[in-house]
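Input: a single structure, listed below in structure tokens.
The values are calculated or read from the model by the stated rules, or taken from the named source; none is laboratory data. The structure presented is a predicted model; accordingly, all values stated were derived computationally and were not measured. Glycine gets a Cβ as well: all are built from the backbone with ideal geometry, and neighbour counts include every protein chain shown. Keep in mind that these areas ignore ligands, DNA and RNA; they rest on the heavy atoms of the full protein, side chains included. Shrake-Rupley method; radii C 1.70, N 1.55, O 1.52, S 1.80 Å.
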Amino acid sequence: MNDLILGIETSCDDTAAAVLDTEGRVLSSVVSSQMAAHRPYGGVVPEIASREHLKNWPPVIEQALEEAECDWDDLGAVAATSGPGLVGALLVGLSLARAVALARGLPFFSVHHLEGHLYSPFLDAESGAARRVPDAFVGLVVSGGHTVLYRVEDWRVETLAATRDDAFGEAFDKVGNRLGFDYPQGPYVDRVAEEGDPDRFDFTLPRFSQPWPHKRPEADPAGESLNFSYSGLKTQAIQHWLRLQQSGSTDPRDVADLAAGFRQAAVAQIMERVQRLHDRRPIEHLAVSGGAAANRLLRRELEDWASQVGVDLSLVPLDYSGDNAAMIAHTALLRARRGESDDPLEAEAASRVSLGGVV
Ligand code: KG4
Ligand code: ZN
């Protein structure tokens, strides 16, 4: 493959396009947020997302090409997210990429959204070449839809643990919604938590004796799974909040303390899983990604832990933590280097699609 690669991402509520060179250097990464269109509804409305993508893709792609100082003739490949996500939203970006590949005779890549996140910590924040992906690493993806630990070896991806119910970011959104923040609430809860006392409210750490969704000897040698759960934590936070309201609370410190306690417990759960995994088989390299990998406390705790135990840590640059198309083009590039590509006529959008054995 020569020249530049165009990535397109429309799996949810962001219309994104990016241009990377063959070194994985991000020449442009444009993300057009639809937040304003969805905000009145308190969450993403699938029908609106599709319509917004249809409206947004021409200027977004134009801007991506312009910022990369290139035009269509400079493209050597095109990639788009094919799932998981909202099917109507995925179809917009995927159909577009298929059409471009067919019309221009370019190699085409259909990319798994979570694989995009998984390798995104190796993108360079300063527009340098992407760093080499280690032969073996543990990937942690924390987003609004997923909380997953993967083991990646020679490009084989295996799921070690996933959430049984709510995702990390989703729990932040739901608790933040009760606290009165606008969608997406995660970043607000994180910011307010910086000012609060995390030890004022009690939260418990869930652990499971039953492996789920499937037993893996490495993940569950003692029959105890590494899976996550955030729904109980969310309920505990909401109950604390209801009690505060019944007591007539109007002190802004209450919101800050509650957010801080909830965030501390949410992050502690991740650190506990990572530590247990490390105890079972030492982690050499941990790569952390996903929209919620922007969480300040999570980043601080992971950095402290990694330097204490001597684990190499790659934290996704904040520019590429939320949904973006640079990570999609990057994953396609990694596949292109291995001699892989996809048939644009065969590509299909799917709302649920497995990566590493778990959908
Ligand atoms: O990866 P992403 O952009 O979209 C999905 O694929 O889900 O992740 C968005 C999620 C939302 O739930 C958002 O509230 C959460 O990530 N998030 C955060 C923070 N920044 C974004 N959650 C906690 N703390 C943050 N700083
Ligand atoms: Zn995502």
Among Thr250, Thr22, Thr159: highest mean-square fluctuation, GNM of the chain, C-alpha pairs under 10 Å: Thr250
When the label point is put 7 Å from the Cα of Gln63 along its Cα-to-beta-carbon vector, which residues of the stretch 107-134 have a backbone N closer than 19 Å? 127
To the nearest 10 square angstrom, how much accessible area does Val274 have with a 1.4 angstrom probe? 0
Using alpha carbon centers only, the stretch 105-133 is separated from the stretch 1-35 by a whole-angstrom value of 9
Rolling a 1.4 Å sphere over the protein heavy atoms, what is the accessible area per residue of the stretch 255-339, to the nearest Å²? 33
Beta carbons within 10 angstrom, averaged per residue: use that to sort the peptides 175-182, 276-283, highest first. 175-182, 276-283
Net +/- balance of residues flanking Ser289 in space, Cβ distance below 13 Å, scoring K and R +1, D and E -1: -2
What is the helix-to-structure angle for 252-280, meaning the angle in degrees between its Cα long axis and the longest Cα principal axis of the chain, kept from 0 to 90 and rounded to the nearest 10? 70
Restricted to Cα positions, what overall size does the stretch 29-112 have along the principal axes? Three whole-Å values, descending. 41, 25, 18
Quick calc of log₁₀ I(q)/I(0), the stretch 107-188, Debye, one scatterer on every Cα, no solvent, q values 0.11, 0.14, 0.21, 0.25 1/Å, result -0.41, -0.62, -1.02, -1.15
From the Cα centre of the stretch 38-73 to that of the stretch 279-311, the distance in Å is 32
Between 0 and 90°, nearest 10: helix 326-337 axis offset from the chain longest Cα axis: 60
Kirkwood hydrodynamic radius for the stretch 160-203: how many Å is it when counted over pairs of different Cα atoms? 11.5
Be a star and scan the stretch 191-207 for residues whose amide nitrogen sits under 19 Å from the point 7 Å along the Cα-to-Cβ vector of Gln308. 198-199, 205-206
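Percent antiparallel among DSSP beta bridges with both residues in the chain, to the nearest 5?
Around 60 percent of the beta bridges assigned by DSSP in the chain are antiparallel ones.
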Using a Gaussian network for the chain with springs between C-alpha atoms less than 10 Å apart, which of these wobbles most: Ser29, Ser341, Ser229? Ser341
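Starting from the Cα gyration tensor of the stretch 250-334, take the square roots of the eigenvalues, sort them a ≥ b ≥ c, and report rounded, prolate or oblate (rounded when a/c is under 1.5, otherwise prolate if a/b is larger than b/c, else oblate). Kindly include the intermediate steps, with their values, before the conclusion.
Values: a/c = 2.78, a/b = 1.28, b/c = 2.18.
Since a/c reaches 1.5 but b/c is at least a/b, the shape of the stretch 250-334 is classed as oblate.
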Heavy atoms of Val309 accessible to a 1.4 Å probe, total area in Å² rounded to 10: 60
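Please compute the volume of the convex hull spanned by the alpha-carbon atoms of the chain and report it per residue in Å³. If you can, show how the numbers build up before the last one.
Working: hull volume 47.5 nm³, N = 359.
Cα-based convex hull of the chain, divided per residue, equals 132 Å³.
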For Asp251 and Ser95, what is the calculated FRET efficiency with R₀ set at 51 Å and r taken between the beta-carbons, to the nearest 0.05? 0.45
Label-point gap, in nm, between Leu242 and Ala268 - each point 7 angstrom along Cα→Cβ: 2.3
Please give, to one decimal in nm, the separation of the simple spin-label points placed at Asp124 and Ala350, each 7 Å out from Cα toward the Cβ. 3.5
